[in-house]
Amino acid sequence: MVVRKRSFIKKVLFWFLIAVVVIFVAYPFVYMVSVSFRYDSDAFDPGLIPDNPTITQYAQLLGLQESIRQQMSQEEQQLMKLLESLPEDQRELVFKNIQAQRKRESFPFLRWFGNSLILAGASALTSVLIGIFGAYSFSRIWFPGRNLIQRGVLLVYLVGGVILSVPIYDIFVRLGLTNSSGASLFSLYIIYVIQTLPVSLYMLGNYFRTIPESIEEAALIDGSTRMGTIMKIIIPLSMPAIITVFIYAFMIGWNEYLFASIFIRPFPGAYTLSVGLREVFFSEHAVWAKMMAASVLTAVPVIVLFMSVEKYLTAGLTAGGVKE
Amino acid sequence: MTSIKELSPLKKKEALFGWKLISPSVILIGLFILYPVFYNIYLSFFDVSLTPGVSNKFVGLENYQRLLTDPIFWESFGITLLFVLITVVGSILVGLIVALLMNKEFPGRGIVRALILFPYVAPVISTVFAWQYVLMPLNGPLTMTLSKIGLMNITTDLINDPNNAFLVVSFYSIWKNFPFIYLMILSRLQSIPLDYYEAADIDGANGWQKFRHITLPELYYVIGSLVLLRGIWNFYKFEEVYLLSKEARTLPIYLYEKAFIGLPELGVAAAISTVLFIVMIFLISLYVKKVLKW
């Protein structure tokens, strides 16, 4: 009897702890999703289920619906009527001003989303491609200096981010790679490749070592070249690891704010999600519902990517820790 | 070590091929990681100017002198150490407890496991907005709950109050990073042979004794490396701190504001980088000696 009672208490305690963990983890996400289905004016209504649920925030962000800000206000329309009585050149000037004003106030979410997608995607792809060959080299082929390189990879894997921001900014300014939005985006591409390359090398190297060498040796004896075995044996066998590493590298680029804020601040057209959303957050008030909808849309791609490879995640991570 | 000349032609060809494959990585890392590290030390001795035509002025140790006599620097340094301490201890404790819980079979475990990864994989910018929303003074839901149970005043802006912003940021960092630690510990837990526990059962050990004498020693190595890895990474953590609250004033934020906000003082910022770098080298050599045992 005593034993059963104790195990009952244990069971209750266990489920209580599980509930605490679930609440701890899910708490901000639940509010994020709940608020994203409200109007901006209802953002702080109590409770989780919105009284007037709406998908207008998503529709506006995805460009399916014009936001109030984009619709011309009454005053603007009256102003336009007034304009018609002005001489040609003056009319042009005032009109341009109004347009510029409206452009500044709009929230080009899709454009930022696209910028982030291209930047994070291209840099992750480049880094994984360079990483595959590099990692294969030091995990499989003996050459003088191999030990040094293996250890060096581990060390640069630990350095990064803010420590390098000053010299890298200085170097890119002197190279003239910060003058236009195109040049700045290119600089960011290079920087993201650099930031993710040590991760790719390290994780892929660890994974390649787990593939038995005998598989390759058989192919080599049959006359296949090293390059041939990489393409036909190593890459297909490592696909889960390669995809996991790609997603990690993608996440690093998708999250990056430090360098993005330094390089593209002067070029609104080139904003990435983290820079753009932060700018909107600080320049406008009471747009909580819209910010939450934008947060959900920013989080969905990476969460979906990660969940699709969840079963490889542990293996990838424990292959030696993962950098952020 | 064998030199390249003593190798057979075939081996030589292999070695050359190996070098060819690794060279793009070596060149990129050399140009954009190793060179900047040294260039940064060089810059820290100059009054750096990015205006074309105006060259850098050598100032010797002046940047360091200004830095080391700046009370804000020492305050940031202290905050950074506290931040690292709190987040390392906190995230390892939470990660360990959650890993022990998830190591048991229970209905719905798959869903809970997937859910636990959310904070880690969701982008910093999204989760930061969500925490800012729940912690809004007056009507943020978490603010209201905490003030109802008397833990805080409803009008306090926890996130933007310079006195405790770094505590909120530490809490956020624990929330964001514990899943990583949980995953690493869990995979180690699952590789502990079950016979150990069976043998302990026969000897009549209780749950705590089993944890203390079997589980903990098995986890010793993985926890040790996690402490150092998290310590190193959190020492120069920027995004998670800055995006949640600029008021947290850790060293990376201090550096960022010196270098890129307002009147840029790149020379001083380079000196801060160098200091960060020296502390990092110290932490890394600890990692290498104690964990990797090179």
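The values are calculated or read from the model by the stated rules, or taken from the named source; none is laboratory data. The model shown is predicted, which means the values in this text are computed figures rather than measured ones. Cβ coordinates were reconstructed from backbone atoms using ideal geometry, including for glycine residues, and neighbour counts include every protein chain displayed. Surface areas here come from the heavy atoms of the whole protein model, side chains and all, with no ligands, DNA or RNA. Shrake-Rupley method; radii C 1.70, N 1.55, O 1.52, S 1.80 Å.
Dividing the convex hull volume of the alpha-carbon atoms in chain B by its residue count gives 245 Å³ per residue.
Using the Cβ-Cβ distance between B:Asp161 and A:Glu66 with R0 = 45 Å, the FRET efficiency computed as 1/(1 + (r/R0)^6) comes to roughly 0.70.
By the Cα gyration tensor, the stretch B:1-110 has an equivalent ellipsoid whose semi-axes, rounded to whole angstrom, run 40, 39, 13 from largest to smallest. B:Met102 sits among other residues whose Cβ lies under 14 Å from its own Cβ, and their net charge, with Lys and Arg +1 and Asp and Glu -1, is +2. In loop segments of the stretch B:242-294 as defined by DSSP, the trypsin sites (Lys or Arg not before Pro) with at most 16 further C-beta atoms inside 10 Å of their C-beta are B:Lys293.
Neighbours of A:Phe267 by Cβ distance under 13 Å: Lys/Arg scored +1, Asp/Glu scored -1, total +1. Global dimensions of the stretch B:135-230 from alpha-carbon coordinates: Rg and Dmax equal 20.4, 58 Å. Mean sequence separation of contacting Cα pairs (under 8 Å, at least six apart), scaled by the length of the stretch B:1-156, corresponds to a relative contact order of 7 percent.
Among the DSSP helices (H) of chain A, those spanning at least 18 angstrom by Cα along their long axis with an average Kyte-Doolittle hydropathy of 0.0 or more are A:2-36, A:109-140, A:146-158, A:162-174, A:181-208, A:239-255, A:288-308; this is a geometric and hydropathy rule only.
Here A:Ile235 and A:Leu48 are evaluated by their C-beta separation; at R0 = 45 Å the FRET efficiency comes out at 0.45. Taking the square roots of 5 times each eigenvalue of the Cα gyration tensor of the stretch B:201-247, largest first, gives ellipsoid semi-axes of 38, 12, 5 Å.
Dipole size of chain A about its Cα centre, with +1 on Lys/Arg Cβ and -1 on Asp/Glu Cβ: approximately 1380 debye, rounded to the nearest 20. For B:Leu115 and B:Met144, a Förster radius of 22 Å and the Cβ-Cβ distance give a FRET efficiency of 0.35, rounded to the nearest 0.05. Within the stretch A:161-179, which residues have the backbone N less than 12 Å from the label spot 7 Å out from B:Ile41 along Cα→beta-carbon, could you tell me? Counting only backbone N, you get no residues. For chain B, complete DSSP H runs whose alpha carbons reach 18 Å or more along their own long axis and whose mean Kyte-Doolittle score is 1.6 or higher are B:71-102, B:266-286. Roughly how many whole Å is it from the C-alpha centroid of the stretch A:40-63 to that of the stretch B:1-71? Using only Cα atoms to place each centre, the spacing works out to 51 Å.
Near A:Val35: Cβ cut-off under 12 Å, other residues only, Lys/Arg at +1 and Asp/Glu at -1. The net charge is -1. If you model the stretch A:109-312 as an ellipsoid using its alpha carbon gyration tensor, with each semi-axis the square root of five times an eigenvalue, the axes come out at 37, 21, 13 Å, biggest first. Within chain A, the longest segment free of exposed loop sites, counting trypsin sites (Lys or Arg not before Pro) that fall outside DSSP classes H, G, I, E and B and have at most 16 other Cβ atoms within 10 Å, spans A:70-208.
Here the sum of -39500 (n - 2.57) over DSSP H runs of 4 or more residues, divided by the residues of chain B, equals -21000 deg cm²/dmol at 222 nm, to the nearest 500. Counting every C-alpha pair in the protein assembly as shown, the share spaced more than 34 angstrom apart comes to 50%. When the GluC sites (Glu not before Pro) in the stretch B:45-146 are filtered for DSSP coil states and for at most 16 other beta-carbon atoms within 10 Å of their beta-carbon, the remaining sites are B:Glu105. With chain A treated as a Gaussian network of Cα nodes joined by springs under 10 Å, which of A:Asp40, A:Asp170, A:Asp222 yields the largest mean-square fluctuation? Of A:Asp40, A:Asp170, A:Asp222, the most mobile in the Gaussian network model is A:Asp222. Computed extension gain for A:Glu217 through A:Phe282, at 0.36 nm per residue and net of the alpha carbon distance, reaches 17.5 nm. The relative contact order of chain A comes to 27 percent, based on Cα pairs under 8 Å that sit 6 or more residues apart. The share of accessible area on chain A that comes from carbon and sulfur is 65 percent, using a 1.4 angstrom probe. Placing a label point 7 Å from the Cα of B:Ile278 along the Cα-to-Cβ direction, the residues of the stretch B:81-109 whose backbone N falls under 17 Å from that point are B:81.
The alpha carbon radius of gyration of the stretch A:150-265, expressed as a multiple of 2.2 N^0.38 Å, is 1.36.
Computed from point charges on the beta carbon alone (+1 for Lys and Arg, -1 for Asp and Glu), the dipole magnitude for the stretch B:70-292 about its Cα centre is near 220 Debye.
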